[in-house]
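To start, the structure under review is shown below, and the notes come after it.
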Amino acid sequence: MSVSSRRLLGIAASVAVLAAAAAPASALEIIPRNGSAQTVGQTRLIRLDSDTRQGTALSIAQAGQFPQSGTVLERVALLAASADFPDALAAAPLATALSAPVLLTQADGSISAAVMDQLASYDTVIVVSGSGLVPDSTLGALRGRGVEAVRYAGATRYDTAAALALATLYWDSVVNFDGTSPQPSIEEMSIYLADGLKFPDALAAGPVASSEENGIVLLTSGGALPSVTAAAVNGNFGAINGVDAGVFDRFQAWWSGFETKARVQTVGGAARDAARSGGVNAIYDLVGSDRYETAAKVAQFGRNRAVFGDDMVLASGQKFADGVVGGALGGNLSAPLLLTRGDGLPAVTRAQIAGRDSLDVVVVVGGEGSVSSGVVDQVAEILPR
């Protein structure tokens, strides 16, 4: 048995009763406008999809009854590039802290008319991709529709992840304090390290980090630990390069001087290796034989820690876009993000679903090109009756 397996069994033994008794209930209601919904036993099986990745993200934003953020930002949405995944890998905790969906740009970084109309219904749009993927002109177009548009992004994917982590800690502190000011200190943050060179592990880490107090996602470069990530793990968010000083000076001034403990978990083999090579003492290594088993281990870990409720989100493990928006949805639902192949449900994913005594909502994210109807039928067959 692996070290990570022994650790997970130990957690399960100590908190199984707590998980059953105290699993959080989702405050987010899903009312699909596009896609489909059916009731299987006591479970609502909902598919949110479209012909395009932008349309799928839009269907989530329209179906989820996302409330106000509880901050001066009021109603918030996040906007990410659809052309590439790196900048949005660590966005789920921020989306959850601000009760926000994630929407996607066109391939050239512009915004379609339908997505623009949706974004214009929010008070604040936070762009979580750099200017090379989402140009300043896109922010200008948003401002032209009366929306406060800001960019939370750094010079690299690793800087962006650290920037999003700091912003998450700040706004989550505001929400949990008085809605206008952050707490004067944070005693501990829960860090999930995941590989930033590939998308599956980081996207699976997002919902569990989102569901923990002061939970964030930071990125490794494969099996290496970037300097900005190492600094953030040690509580130093002053090493982030490329951020807008007008936005981030406030966050960094608030954080400076904190002596905050870090509880570190690694997600995937690359992140585990990076932590070891970088001298980071991870409490838990959530490592499977492939992306599907790793996501299943993360889901079970969150369940054992009683941070997940009775909902689940399922998205493709082969295409990143649906996982980006699905991970943010999972965080808002206090639900894990499980991954599937497009043409068949992996055994480890099947076991996670079939092993549940009760499920309220299962949301399948993505169209036929990402998750086939056959996979949806397989899910329906194993839902608890």
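Just so you know, all these numbers are worked out from the coordinates, no wet-lab data involved. Remember, it's a predicted structure, so these values are computed and weren't measured experimentally. Cβ coordinates were reconstructed from backbone atoms using ideal geometry, including for glycine residues, and neighbour counts include every protein chain displayed.
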Let me check I've understood the local charge: for F320, count other residues with C-beta under 11 angstrom from its C-beta, Lys and Arg +1, Asp and Glu -1. What total comes out?
+1
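Tally Lys and Arg at +1 and Asp and Glu at -1 over the other residues with C-beta under 10 Å from the C-beta of T349: what net charge comes out? Numbers along the way, then the final one.
On the way: positive: R341, R350; negative: E293.
Cβ neighbours under 10 Å give a net charge of +1.
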If each residue's Cβ is checked for other Cβ atoms within 10 Å, how do M312, M116, M189 rank with the fewest at the top?
M116, M189, M312
Considering amide H positions built from the backbone, and no H for Pro or chain starts, which residues 5 or more places from A37, or on another chain, come under 5 Å of its amide H?
R47
Return the distance in nm (one decimal) between the two label points of a simple spin-label model at E74 and A113, each offset 7 Å from Cα along Cα→Cβ.
2.6
Residue ranges of DSSP H helices in the chain that stretch 27 Å or more (Cα, own long axis) and have mean Kyte-Doolittle hydropathy of at least -1.0 are 3-22, 157-177
Per principal axis, descending, Cα span of the range 114-178 in whole Å:
32, 32, 16
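222 nm [θ] for the chain, helices only, -39500 (n - 2.57) per DSSP H run of 4+, per residue, to 500? Please report the intermediate quantities before stating the final value.
Values: 14 runs with 159 residues, N = 385.
My calculation for the chain gives -12500 deg cm²/dmol from helical runs alone.
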Which residues among the range 223-246 fall inside the zone where the amide N is under 16 Å from a point 7 Å beyond the Cα of R276, along Cα→Cβ?
223-225
Under the rule of at least 5 residues apart or a separate chain, name every residue whose amide H is placed under 5 Å from the amide H of G268.
L286, V287, G288
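Report, for the chain, the % of DSSP beta bridges that are antiparallel, rounded to 5.
Details: 7 of 47 bridges.
DSSP beta bridges in the chain are roughly 15 percent antiparallel.
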Mind listing P(r) for the chain? All alpha-carbon pairs, 10 Å bins, whole percents.
5, 27, 36, 24, 7, 0
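Please give the length that would be gained between A224 and S36 if that part of the chain were fully extended, namely 0.36 nm times their separation in residues minus their C-alpha to C-alpha distance (nm, one decimal). Write out the running numbers ahead of the final one.
On the way: separation 188, 0.36 × 188 = 67.68 nm, distance 4.24 nm.
Extra length from A224 to S36 when fully extended: 63.4 nm.
Find how much the distance from K261 to S137 grows on full extension, using 0.36 nm per residue of separation minus their present alpha carbon separation; answer in nm with one decimal.
Numbers: separation 124, 0.36 × 124 = 44.64 nm, distance 3.99 nm.
Stretched out fully, the K261 to S137 stretch lengthens by 40.7 nm.
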Classify the range 150-283 as rounded, prolate or oblate, taking a ≥ b ≥ c as the square roots of the eigenvalues of its Cα gyration tensor: rounded when a/c is under 1.5, otherwise prolate if a/b is larger than b/c and oblate if not.
prolate
Starting from the amide H of S221, placed 1.01 Å from N in the peptide plane, find each other amide H under 5 Å away whose residue is 5 or more places distant or on another chain.
G196
A253 versus I382, label points 7 Å from Cα toward the beta carbon: distance in nm?
5.3
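Let me check I've understood the local charge: for K261, count other residues with C-beta under 15 angstrom from its C-beta, Lys and Arg +1, Asp and Glu -1. What total comes out?
Taking every Cβ under 15 Å from that of K261, the sum is -4.
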